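Input: a single structure, listed below in structure tokens.
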Amino acid sequence: MATLLKKVWESVSTRSVLSLEMSSSDHRGFDESSLGEFDRIPMDILMNILKLSGPKSAAKMGMLCKSWRSLVSDNGLWVFFLQNQLVEPWDSILFGETKLALGYPLESFSSQMMPLSFMEVYSKRVAVPGSVIIDGGSGYCKFGWSKYDCPSGRSATFLEFGNIESPLYSRLRHFFATIYGRMRVKTSLHPVVVSVPLCHYDDTESAKASRQQLKEAIHSVLFDMNVPSVCAVNQATLALYAARRTSGIVVNIGFQVTSIVPILHGKVMRKVGVEVVGLGALKLTGHLRELMQQNNIRFESMYTVRALKENLCYVAQDYEAEFSKDTRASSEANGEGWFTLSKERFQTGEILFRPSMAGVRAMGLHEAVALCVDHCHAAELTCDDSWFKTVVLSGGSACLPGLAERLQKELYGLLPSSISNGLRVIPPPYGADTAWFGARLISNLSTFPNHWCITKKQFRKSKLNLIR
């Protein structure tokens, strides 16, 4: 095979020289439709040769003549290179380049399916500069490089970073400086994508003002730190993009609360209503701690309890029936040795559906999601009501095994068939890092940072609502 590829490149080089010679002389007698000696090779074998030669060599071959150019520009060849040369999954690449490449707002082109040259897409994606991704989170922050396949580090979220009594600008400055310091990168070298926790949920004027204040503070701090361009998108929308959707309902189980967020074409539909349940990861961990104490299971720290929640807990499909099963399982946690849990494993997650078990007066998760679905249906925002029938879970505690299946089961029991038909609940596509991966999807687009980022000059000039 090495010999064959060598002959291929010798032929390419020879024809390249011949082409240059003929460019300064008479072109008559040169057949641009011919592949030379390769005309005798079956097309499928020739395409495999191009695959083995790699994208750079394939691109050079495309400069020889029309026939080579036609062959090399075949979309199937560059889909192969995209599937095998980059860390992004192919379905995410296809989704991003067809739905998100032209930026926000998405409504203006969401229905258009322009033909793509994947050769051009590949060349542009390779040239896209690496970006810093900071997923602010609600419990802890994930940060890293857009070209990497996972976050490189974690820290406290900026909502709880430093002295919470300090001015917002000072806290954000300290937070971002710490992240850049840990990543060991100059702020002026790379664009940044910031995932902003969804807060101030209402559509009231005071809530709008609070969101605007947070947005302006984030941009002001980053631009004062000489970041060249900033893309700030809310966490729920990024989780939806990670699931390769632009419309749907995102159920984000955050650190302190759970939010149910309707999103249409990438925009949060606050006028429809964002539902909030006063249960989050902190309450789940606290409930497991109480159950362990009641059963005389000794532990030294809440980190141990949280690790046991993540490793052993799950959501039962039938809560009452689960008591008759042997549910014992063991896990080692934080150097404290092995712990064995039984019914505590499914009792912990059950408070999402029965908050009263944890002493919380609130709707169950299924009831809040059903209410949001009902509001979306009644709003009649589009002629097609399928936009809200994809429910995407996000957040670390949303990774509890069985949660997506149980929620879908409960929703089908609560909603009339005319609304629930076709409804689907999707587990967090990338676990606790789902929003980070949504940000990575944007930052690796062939058009990035154009269409998505703003510069300091643009920000100073206009105070538009730039947090999607």
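Taking Lys and Arg as +1 and Asp and Glu as -1, the other residues whose beta-carbon sits under 13 Å from that of Asn421 total +1.
With a cut-off of at most 15 other beta carbons within 10 Å, and DSSP calling the residue loop, which GluC sites (Glu not before Pro) in segment 34-129 qualify? Please list them. Passing both the DSSP loop test and the Cβ count: Glu107. Taking the inverse of the mean 1/r over every pair of distinct Cα atoms in segment 309-438 gives a Kirkwood hydrodynamic radius of 16.4 Å.
Give the dimensionless ratio obtained when the Cα radius of gyration of segment 163-315 is divided by 2.2 N^0.38 Å. Working shown, then result.
Values: Rg = 18.8 Å, N = 153, 2.2 N^0.38 = 14.9 Å.
So segment 163-315 has a normalised radius of gyration of 1.26.
What's the whole-number percent of alpha carbon pairs in segment 228-383 lying beyond 28 angstrom?
On the way: 4149 of 12090 pairs.
The answer is 34 percent, as a whole percent.
When the alpha carbon gyration tensor of segment 164-239 is reduced to an equivalent ellipsoid, its three semi-axes come out at 23, 15, 11 angstrom, largest first.
With Cβ to Cβ distances under 13 Å as the rule, what net charge do the other residues near Cys372 carry (K, R +1; D, E -1)? Don't jump to the answer; show the numbers that get you there.
Details: positive: Arg270, Lys271, Lys389; negative: Glu275, Glu367, Asp374.
Neighbourhood net charge equals 0.
What does the C-alpha gyration tensor say about the overall shape of segment 30-76? Classify as rounded when a/c is under 1.5, otherwise prolate if a/b is larger than b/c, or oblate. Note, shape of segment 30-76 comes out oblate. Taking each of Lys215/Lys461; Lys56/Lys186; Lys208/Lys389; Lys142/Lys409 in turn, the alpha-carbon distance tops 21 angstrom for Lys56/Lys186; Lys208/Lys389; Lys142/Lys409. Which lysines have a Cα less than 23 Å from the Cα of Lys60, not counting those fewer than 8 places away in the same chain? Cross-link targets: Lys6, Lys7, Lys51, Lys124. For segment 149-245, trypsin sites (Lys or Arg not before Pro) meeting the loop criterion (DSSP other than H, G, I, E, B) and having at most 15 other Cβ atoms within 10 Å: Arg184, Lys186.
Fully extended, how many nm does the chain gain between Asp91 and Ser356 (0.36 nm per residue separation, minus their Cα-Cα distance)? Please list the in-between numbers first.
Details: separation 265, 0.36 × 265 = 95.40 nm, distance 4.14 nm.
Gain on extension, Asp91 to Ser356, equals 91.3 nm.
Each semi-axis of the equivalent ellipsoid for segment 232-297 is √(5λ) with λ an eigenvalue of the Cα gyration tensor; in descending order they amount to 32, 12, 8 Å. Computed over the chain, the alpha-carbon pair-distance distribution with 20 angstrom bins reads 21, 45, 25, 7, 0, each value a whole percent. Solvent-accessible surface of segment 241-357, averaged per residue with a 1.4 angstrom probe and all protein chains in place: 44 square angstrom.
Hand me the GluC sites (Glu not before Pro) from segment 254-337 located in a DSSP loop with no more than 12 other Cβ atoms within 10 Å, in residue order please.
Numbers: sites: Glu275, Glu290, Glu300, Glu310, Glu320, Glu322, Glu332, Glu336; in loops: Glu300, Glu336.
Those satisfying the criteria are Glu300.
Overall shape: oblate for segment 283-361, with the ratio a/c of the largest to smallest alpha carbon gyration tensor axis at 1.5 or above and b/c at least equal to a/b.
If we count chymotrypsin sites (Phe, Trp or Tyr not before Pro) as exposed when they sit in a DSSP loop and have at most 16 other beta carbons within 10 Å, what is the longest stretch of the chain that avoids them all? Please list the in-between numbers first.
Working: sites that count: Phe30, Phe109, Tyr148, Phe323.
The longest uninterrupted stretch comes out as 149-322.
Calculated mean residue ellipticity, 222 nm, the chain: -13000 deg cm²/dmol, from DSSP H runs (n ≥ 4) at -39500 (n - 2.57) each, averaged per residue and rounded to 500.
Only Cα pairs under 8 Å and at least 6 apart count here; give the relative contact order of the chain as a rounded whole percent. Each step should come with its number before you reach the end.
Working: 744 pairs, mean separation 81.3, N = 468.
Once divided by the residue count of the chain, the mean separation gives 17 percent.
The values are calculated or read from the model by the stated rules, or taken from the named source; none is laboratory data. Computed from a predicted structure; not experimentally measured. Using ideal geometry, Cβ is built from the backbone for each residue, glycine included, and neighbour counts are taken over all protein chains shown. Note: accessible area is taken over every heavy atom of the protein model, side chains too, but ligands, DNA and RNA are not part of it. Shrake-Rupley method; radii C 1.70, N 1.55, O 1.52, S 1.80 Å.
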